[in-house]
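Trainee: Submitted below is the structure of interest, expressed as structure tokens.
The values are calculated or read from the model by the stated rules, or taken from the named source; none is laboratory data. Since the model is a prediction, treat every value here as computed from it, not as a measurement. No Cβ is skipped: glycine too gets one built from the backbone with ideal geometry, and neighbour counts run over all protein chains shown.
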């Protein structure tokens, strides 16, 4: 059936609207005041058709979800998203980021999740997680919306395409709020849906000992030999990147830019530690830089939020960067200091140096690093 077969319905509880073109009926129960044809068509899509009739029971709860789906469809539409991204680049900070970027391909921005510009990053998070985890946009959105008050996004924006568009995002959930860190909550909550709860009870509690989430977290940290004081810990709740011009080739570079930005943002906020529940495949790529994260003893990878195995992990930032530098000094300069990345990326280190530059967070300046490499090259020639 075409959208034209449906009338715009202003629903009344327990009312039935007839569809003149087909004679089919759509029953709406406890529905919202207005449902558009597109939403109704989406609601009945996939339902059984029998005798030319389609019957869809719509409760108050799933009407809200249908309306949210329609809202997200409009907010994440390419034209709207491009316009919002362009406005952020021009007005979202105290400088025009597009002009400052010059010939560089990407801009990395900081966007609070409560900002009018938050959809620049949120769109990447929702669309990528929905695709990878085979969930709806509304499911992903509703999973993380309760954490928005405590969240900040890092967004990677492609500014050299036909129109500026976000291609990467990372969500921090920060301490100091009444909202818990999601990764910590989801790891220790006593819920059958928690894939690690049985392993925690078996490995960290006596058989007849009552379970307590706070005690569980303390024991996980004690056995790991680290004080993960939650007041000094940030949750890297999500990290996502999209293909650029339909290509996967830059996904790893975008992720590296987000890792670099993560270090600078977290240290500038005074964080000492990071926690995260990460998909196993990208986690292994991150660990390839020098094992900056550690995992908890006795906890195996399990699906969480989707079909793929995930792993709870933690990182003391200074120790993690030390490991990366020790494995390979050059990689350390790229990952932590941004050496070489600034040719393609405008980082917030550059347009807010007082807070985020190498010098501000206690790292060697890029000028000193570049001078050292030039001297080394000269001595080798």
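Trainee: Taking the range 272-306 only, how many residues are surrounded by fewer than 18 Cβ atoms within 10 Å (Cβ to Cβ) and within 24 Å of residue 106 (Cβ to Cβ)?
Mentor: 4
Trainee: Working carefully through the options 348, 335, 339, 373, find the one that is touching a strand residue (DSSP E or B) at 6+ places or on another chain (Cβ under 6 Å), surrounded by 12 or more Cβ atoms within 10 Å (Cβ to Cβ) and in the same structural domain as residue 252 (by TED's automatic domain parsing). Even if it seems obvious, please write down each step before you answer.
Mentor: Values: 335 fails: touching a strand residue (DSSP E or B) at 6+ places or on another chain (Cβ under 6 Å); 339 fails: touching a strand residue (DSSP E or B) at 6+ places or on another chain (Cβ under 6 Å); 373 fails: touching a strand residue (DSSP E or B) at 6+ places or on another chain (Cβ under 6 Å).
Among 348, 335, 339, 373, only 348 is touching a strand residue (DSSP E or B) at 6+ places or on another chain (Cβ under 6 Å), surrounded by 12 or more Cβ atoms within 10 Å (Cβ to Cβ) and in the same structural domain as residue 252 (by TED's automatic domain parsing).
Trainee: Residues of the range 87-129 being in a strand (DSSP E or B) and within 15 Å of the chain's Cα centre (by Cα), which ones?
Mentor: Narrowing the range 87-129 to residues in a strand (DSSP E or B): 106-112.
If the condition is that a residue be in a strand (DSSP E or B) and within 15 Å of the chain's Cα centre (by Cα), then 108, 109, 110, 111, 112 are the ones that fit.
Trainee: Still on this structure, please answer the following. Do we find a residue being in a loop (DSSP other than H, G, I, E, B), more than 23 Å from residue 258 (Cβ to Cβ) and over 20 Å from the mean Cα position of the chain (by Cα) anywhere in the range 65-80? Spell out how you get there, then give the answer.
Mentor: Within the range 65-80, the subset in a loop (DSSP other than H, G, I, E, B) is 76-77.
The next check asks that each one be more than 23 Å from residue 258 (Cβ to Cβ); those that pass are 77.
Cutting the leftovers down to over 20 Å from the mean Cα position of the chain (by Cα) gives us none.
No.
Trainee: Here's something else I'd like to know. Pick out the one residue from 328, 318, 309 that is surrounded by fewer than 20 Cβ atoms within 10 Å (Cβ to Cβ), over 19 Å from residue 221 (Cβ atoms), assigned by TED's automatic domain parsing to the domain that holds residue 220 and out of contact with any strand residue (DSSP E or B) (no Cβ under 9 Å at 6 or more places or on another chain).
Mentor: Within the list 328, 318, 309, the selection yields 328.
Trainee: Identify, by number, the condition in (1) modelled with pLDDT of 95 or more; (2) outside any loop (DSSP other than H, G, I, E, B) that residue 132 doesn't meet.
Mentor: (1)
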